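**Q** One structure follows; several queries about it will come next.
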Amino acid sequence: MTLTWILLILLIGGVLAWIFSGWSRWIATLAVLIDLILALQLWLTHPIMPIPQHTGMVPNWIAETQYHWIPLLGASFHLAVDGFSLLMLVLTLFIGLLCVWISWHDPVTRENTGFFHFHLLWLIAGIAGVFMAMDLLLFYFFWELMLIPMFFLISVWGGPQRKKASLKFFLFTQFSGLFMLIAILALYLLHGQQTGQYSFDYADLLGNTVSRAMAGWLLAGFLLAFLVKLPAFPFHSWLPDAYTQSPTGGVALLAGLMSKTAAYGMLRFALPLFPEAARQFAPVMVVLGVAGILYGAKLAYAQTDLKRLIAFSSFSHMGFILLGIFSMQELAYQGVVVEMVAHAISITGLFFIAGMLQARLQTTGLDAMGGFWEYMPRMGGVTMVFVMATLGLPGLGNFIAEFLILSGTYQVHILWAVLASLGLIASMIYALVILQRVFHGKSRQSLSQADLKPLEGLVMACLIAAIVWVGIYPQNVIRSVQPVVQQLKQVVDHRQTAVDQHLTWNGYTLLK
Amino acid sequence: MDVFHLLWLVPTFPLAGFLILALFGMKMPSRAIAWTGTLSIGLAALLTLWMGLHFLTQPPDGHHYRQVLWTWFDVNGFAPTIALYLDPLSLVYIFVITFVGFLIHLYSTAFMRGDEGYARFFAFMNLFVFSMLVLVLADNLLLLYLGWEGVGLCSFLLIGFWYRDPANGYAARKAFIVTRIGDTAFIIGLFLLVKQFHTLNIQDILMQAPGVWAVGATGAFWAALLLLGGAVGKSAQLPLQTWLPDAMAGPTPVSALIHAATMVTAGVYLIARTHVLYSLSPAVQSLVAIIGVLTLLIAGFSALAQHDLKRILAYSTISQIGYMFLALGVGAWTAAVFHFMIHAFFKALLFLGAGAVIMAMEEEHDIFKMGGLRKKMPMTYWTFLAASGALAAIPLITAGFYSKDLILFDALASTQGSVYLWLGGFVGAFITVLYTFRMVFVTFYGEQKKPIAHNPEHERAMMIPLVVLGVLSIVGGWVELPHAWAHFTPFSHLLETTLPATTLKPGMESNEWWLQLLTAVIVFIGIYLTWVAYVKKPAMVTAWRETAFGRACHQFFYKGWMFDQLYDVLFVKPVVWLSRIDEHDFIDYLYEGFGRLNAWIHAGFSRTQSGYLRWYLLCIAFGLLFIFSLILFV
């Protein structure tokens, strides 16, 4: 029941914020805060997540709700959370709350404030829904629900090139989403034909016995949607435009959370539904991951606009997630989950900083910046933390994530792990640009009263606390997804047959 | 109560200092900042001394003490802990870090007075000491890596401390990125160890490694080589030595603490700490010795040609760490650690003395624009001289003699030693004397070329550290006397509970006299030569530099053997070029091109909707013709 409430509060809150425009910031704060408390309470009361039972592959849910939706088609309104979903839910609401707060001082939100918060809350609801839906049709519904408010956030409150950016974003995600819909429908029909039970339910579809060739096509449909949303190389073309043109509150949700829905989708749906096919795809995906890490870093270094730089850095880090997922090792899976959390926090921090600078300077061009330490030492200190997180400084969350992903990858593909490690050098090269070109050097203009306002300070303090916490005690994160990860590892390994052995790779076979 | 239970407090004091200064530093008066910054290190130093005395008198079981604070994370049994490990090796290191660190902090309270970033300076320095302590106390390699990167961060922040000058920012960035290259090798080494041992606990790895790997095994080779990559970066050894001379852009106390006494010797610590891996791969261990010898020679020659007082010292540091690497490479583990300790005393002192000189000369770094400071700054002069003597290894009366002589002896006499290694070290020792006394004579002798603006001799906070370190540069060596004289070797005796003893070739001990005599002779020859060249007949050097060959040599050495230029062409330019050619992401053009193609087709077809009846009729006619042709002929 709690799960339904979490969605309803956001949806109703959004409508109320639209109606009572003057109060919309408070309404939004209240709605997200209540949800966050609900989710946290659920998370904290289950410190040790249920141990998976080896009888079936269906996880043990911590909370579950199921209503009839379209019984004729076998689709139901099925929400359920395990440790993984719950972790993502808490993260979504945490970042969502900070997005509401950081928009408080954002000048672009002064027009149509109520409508802005309506979109913001519905977007959060869509993301939360994606993390909770255990019915494939419902999952697709939420997947699309995220898209529309995001489209409006960019096209109404975005930067000067918002029309083009929002259209590009919409086309890419919508188009790729359609392939997922086709795959879902095909899976539904095939499974129905085989078993006579037509159902969209996750639990029913797990353990399907679709033929090997068909599974490959279905997985490709799913993966296309996820790779575009992540985004992975070479589907990242929409990213720099959408990230730079989006308002501050929107971009944090876009980069911090919507990209994580893709990673979540892979771990929750793509891999467990089609484990053999996933193993066959793995070599390609690993290569795409490494290509993304290095190519993204290269692009980030070349940028002269702060937001574009951060956008490409985010793309580069998504390569680690892809690499981790398809190296299929427990260490790497854990790393992926930690990266989902840590990257969400650190990229949110960086985009918030870019947004605050944009509000003060009316530009994000790096050429207009320099020497700001003098005027905003606090913001400089805060920036330093997130820059260091981005370049993977130990003690901050991203390090744990990248270490686990790379050492997991190293177990099976030494060469690709080594190549991906070069990304650690590259990330330092571009990340230092942020710090040095914005805050160091001679100041070109004098600013007054430019340092963090109290509310901004609070937001940044929350983010710093979170990233340090993940860095020095990631055990809470790791423990809550441990059953899920172990189960996934079992599924992926379990269905390895003799045929697989020579079809796919294992060990160091990518080059040998 | 067992004093070792307080071990966690040693890094916690500096951390607390950092947090206080970082959060409230902007509003604190400068006196409070100085007290907070210095006291945090002072308390850590006192605690370390107390613990050290305890360790010497009543050592814990097995000569080590382990304190587990919490489990960092636990993935399927791979569970690195946040745990501290105290044994004689880490004890020596934390003693140097906290004690020398405290003196440098004390010095900084006066040296940095009036700087607008006073709080920021002490915050970063405290953070540095904390990270360095974590590095040496870490009981597993992942936590060690945390400290390792932490000190790199602080080094970056402090080199670029005066952030308004882009040159400082460049130097800071260079230091961070070049060391990061080594660090990446290091972390790949960690992946290898995780794969092999499923743990990163240092003692477990050292215990299991001989069982898993035979001597010369591939795994051990790669593990040792990759860790060496990290060590080479951090300790500014060939081929990653280029960052250290530029790192002198930071305030002088930073150079003393980070780029002389502590951080740059982290590589030595890492190799000594993981010595089993090196014993298992003799090839890599020989490589360590070769890197050491080459580095000490290259850096020594470069130091000879520098004008900037701090750059001379920087190259000298690279060179001296080369000696430590040489010692590690021939299996003289304790000699390396001994030289680390003595080097920390005298090199920190040299930097602090240089800081005082530079302060007196109003930020003038060029030694040829100084001169004659002996009379006006007697305390600086005498302490500087003591440290220089130690650096040049003047026999008997300086500490540097005992430590360097031991390395030279082991380079020849150890089972892994050879005449070539010894010869390299021996030539290096001669060059060391030359550049050291060149620096002393030019700075302190001759005519005074510039008036002293503000004489730091009146600053008690600056002079106390000089005197204390000066005394240590003299007497510090007496904890380890040469074998040939007496069997008084408490230092190596202590360390040999952790590190293996050096194995000598049979019958070498009797030769030690000759070697010592030889070194003594060249030291005095060197001093005499420099005295002639720079005090008595300075024209001689000028004349030599006017010759074409002399100028070429000078330029070559001055630029540090052109490594910067080489790397610029090999790495920096290609990377920048690569990023410039494709700034707008060629993949985007593919999608945009697809979009344009559609728009173009759209435009083409929409042009057919012209509204002219004759055009539509023509199209219909052609269409009919086409269809009929299709039906009739196909």
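Values in this text are rule-based calculations from the coordinates and carry no lab data. Source: prediction; values computed, not measured. Cβ: placed from backbone, ideal geometry, glycine included. Neighbour counts: every protein chain shown.
**Q** If you find the alpha carbon centre of segment B:1-25 and of segment A:124-145, how far apart are they in angstrom?
**A** 47
**Q** According to a simple spin-label model (label point 7 Å from Cα along Cα-to-Cβ), what is the distance in nm between B:L23 and B:Y420?
**A** Inter-label distance under the simple model: 5.8 nm.
**Q** What net charge is computed for the residues neighbouring A:S316, neighbours being all others with C-beta under 13 Å from the C-beta of A:S316, Lys and Arg scored +1, Asp and Glu -1?
**A** -1
**Q** Hey, what D do you get for segment B:351-392 in µm²/s if you plug the Kirkwood alpha-carbon radius into Stokes-Einstein at 4 °C and 1.567 mPa s? Intermediate values should be presented prior to the final figure.
**A** Values: Rh = 10.6 Å.
Here the translational diffusion coefficient equals 122 µm²/s.
**Q** In percent, what relative contact order does chain B have, based on Cα pairs under 8 Å that are 6 or more apart in sequence?
**A** Details: 996 pairs, mean separation 73.7, N = 634.
Relative contact order for chain B comes out at 12 percent.
**Q** What FRET efficiency comes out for B:L597 versus A:T45 if R0 is 41 angstrom and r is the Cβ-Cβ distance? Round to the nearest 0.05.
**A** Using R0 = 41 Å, I get an efficiency of 0.15.
**Q** Per the Kirkwood definition applied to all pairs of different Cα atoms, how many angstroms is the hydrodynamic radius of the protein assembly as shown?
**A** About 32.0 Å, per the Kirkwood formula over Cα pairs.
**Q** Straight-line reach from B:K505: which lysines have Cα under 20 Å away, leaving out those fewer than 8 places along the same chain?
**A** B:K404
**Q** Based on alpha-carbon atoms only, what is the radius of gyration of segment A:123-183 relative to the globular estimate 2.2 N^0.38 Å? Write down the numbers at each step before the final one.
**A** Details: Rg = 12.5 Å, N = 61, 2.2 N^0.38 = 10.5 Å.
The value comes to 1.19.
**Q** Among the lysines, which have Cα under 28 Å from the Cα of B:K375 when same-chain residues fewer than 8 positions away are ignored?
**A** Output for B:K375: B:K310, B:K347, B:K449, B:K450, B:K536, B:K537.
**Q** Rounded to the nearest 500 deg cm²/dmol, what is the calculated helix-only ellipticity per residue at 222 nm for chain A, with -39500 (n - 2.57) per DSSP H run of length n ≥ 4? Before the final figure, lay out each step's value.
**A** Numbers: 20 runs with 358 residues, N = 512.
It comes out at -23500 deg cm²/dmol, rounded to the nearest 500.
**Q** Between the alpha-carbon centers of segment A:409-423 and segment B:56-84, tell me the distance in whole angstrom.
**A** 29
**Q** Could you give log10 I(q)/I(0) at q = 0.26 Å⁻¹ for segment B:420-467, computed by the Debye formula over C-alpha point scatterers of equal weight, without solvent?
**A** Evaluating at q = 0.26 Å⁻¹ gives log10 I(q)/I(0) of -0.96.
**Q** If you average the C-alpha positions of segment B:121-183 and of segment B:481-508 separately, how far apart do those two centres end up, in angstrom?
**A** What the calculation gives is 34 Å, centre to centre.
**Q** Of A:P240, A:M285, A:H117, which is farthest on the positive side of the dipole of segment A:2-511, counting Cα position, with +1 on Lys and Arg Cβ, -1 on Asp and Glu Cβ, and the Cα centre as origin?
**A** Value: A:P240.
**Q** Calculate, in whole percent, how much of the Cα-Cα pair population of segment A:2-511 lies beyond 38 Å.
**A** So the portion of pairs separated by more than 38 Å is 21 percent.
**Q** Residues of A:373-381, mean number of Cβ from any other protein chain within 10 Å of their own Cβ, rounded to a whole number?
**A** That works out to 2 on average.
**Q** If you wrap a convex hull around the C-alpha atoms of segment B:102-237 and split its volume per residue, what is the figure in Å³?
**A** Values: hull volume 15.5 nm³, N = 136.
Spread over its residues, the Cα hull of segment B:102-237 gives 114 Å³ apiece.
**Q** So, one more: Let's test the formula: R0 of 51 Å, r as the Cβ-Cβ distance of B:A79 and B:V541. What FRET efficiency results, to the nearest 0.05?
**A** 0.25
**Q** What are the lysines whose alpha-carbon lies under 29 Å from the alpha-carbon of A:K229, with same-chain residues fewer than 8 places away excluded?
**A** A:K163, A:K164, A:K168, A:K260, A:K298, A:K307, A:K489
**Q** Report, as an integer, the average count of C-beta atoms from other chains found within 10 Å of each Cβ along B:181-191.
**A** The per-residue average across the peptide is 5.
**Q** Moving on to the next point. If contacts are Cα pairs under 8 angstrom and at least 6 residues apart, what is the relative contact order of segment A:76-141 in percent?
**A** 63
**Q** Now for a different question. Once you average over the residues of A:228-236, how many Cβ atoms of partner chains fall within 10 Å of each Cβ?
**A** For peptide A:228-236, the averaged partner shielding equals 1.
**Q** Which is the longest run of chain B containing none of the GluC sites (Glu not before Pro) found in DSSP loop states (not H, G, I, E, B) with at most 12 other C-beta atoms within 10 Å?
**A** In chain B, the maximal stretch lacking such sites is B:117-361.
**Q** Given a Förster radius of 30 Å and the C-beta distance between A:W23 and A:L447 as r, what FRET efficiency does 1/(1 + (r/R0)^6) yield to the nearest 0.05?
**A** On the way: r = 32 Å, r/R0 = 1.07.
Taking R0 as 30 Å, the efficiency between A:W23 and A:L447 is 0.40.
**Q** Under 8 Å for C-alpha pairs, at least 6 residues apart: give me the relative contact order for chain A, rounded to a whole percent.
**A** Computed value for chain A: 15 percent relative contact order.
**Q** Figure the gain on full extension for B:L625 and B:L566 (residue separation times 0.36 nm, minus the Cα-Cα span) and round it to one decimal in nm.
**A** Length gained between B:L625 and B:L566: 14.0 nm.
**Q** Another question about this same structure. What spacing in nm lies between the two simple spin-label points modelled at B:Q203 and A:A465, each 7 Å away from Cα in the Cβ direction?
**A** 3.7
**Q** Sort all Cα-Cα distances of segment A:259-366 into consecutive 5 angstrom bins from zero, then give the percent of pairs in each bin up to the one containing the longest distance.
**A** The calculated distribution, bin by bin, is 2, 13, 19, 21, 16, 11, 8, 5, 3, 1, 0.
**Q** Show me B:255-264, B:515-524, A:260-269, B:223-232 ranked by packing, highest mean number of other Cβ atoms within 10 Å first.
**A** In descending order of packing, they fall as B:255-264, B:223-232, A:260-269, B:515-524.
**Q** For segment B:527-631, state which chymotrypsin sites (Phe, Trp or Tyr not before Pro) are in a DSSP loop and have at most 12 other beta carbons lying within 10 Å of their beta carbon.
**A** Hits after loop and neighbour filter: B:Y612.
**Q** Continuing with the same structure: If each Cα of segment A:358-490 is one equal point scatterer, what is log10 of I(q)/I(0) from the Debye formula at q = 0.19, 0.21 Å⁻¹?
**A** Values, matching the q order: -1.12, -1.24.
**Q** Here's a follow-up. For segment B:56-103, what's the radius of gyration and Dmax over Cα atoms, in angstrom?
**A** Calculated on Cα positions, Rg and Dmax stand at 14.3, 45 Å.
**Q** How big, in percent, is the set of alpha carbon pairs in segment A:147-299 lying more than 18 Å apart?
**A** Tail fraction, whole percent: 61.
**Q** What 222 nm value per residue comes from the helices of chain B, counting each DSSP H run with n ≥ 4 as -39,500 (n - 2.57) and dividing by all residues, nearest 500 deg cm²/dmol?
**A** Helices in chain B give a 222 nm mean residue ellipticity of -23000 deg cm²/dmol.
**Q** Take the Cα atoms of segment B:473-544, find their three principal axes, and give me the spread along each one in whole Å, biggest first.
**A** Per principal axis, max minus min of the Cα coordinates gives 54, 28, 20 Å.
**Q** Still on this structure, I have one more. For chain B, compute Rh as the Kirkwood radius over C-alpha pairs and then the Stokes-Einstein diffusion coefficient at 4 °C and 1.567 mPa s; write the answer in µm²/s, rounded to an integer.
**A** The calculation lands on 49 µm²/s.
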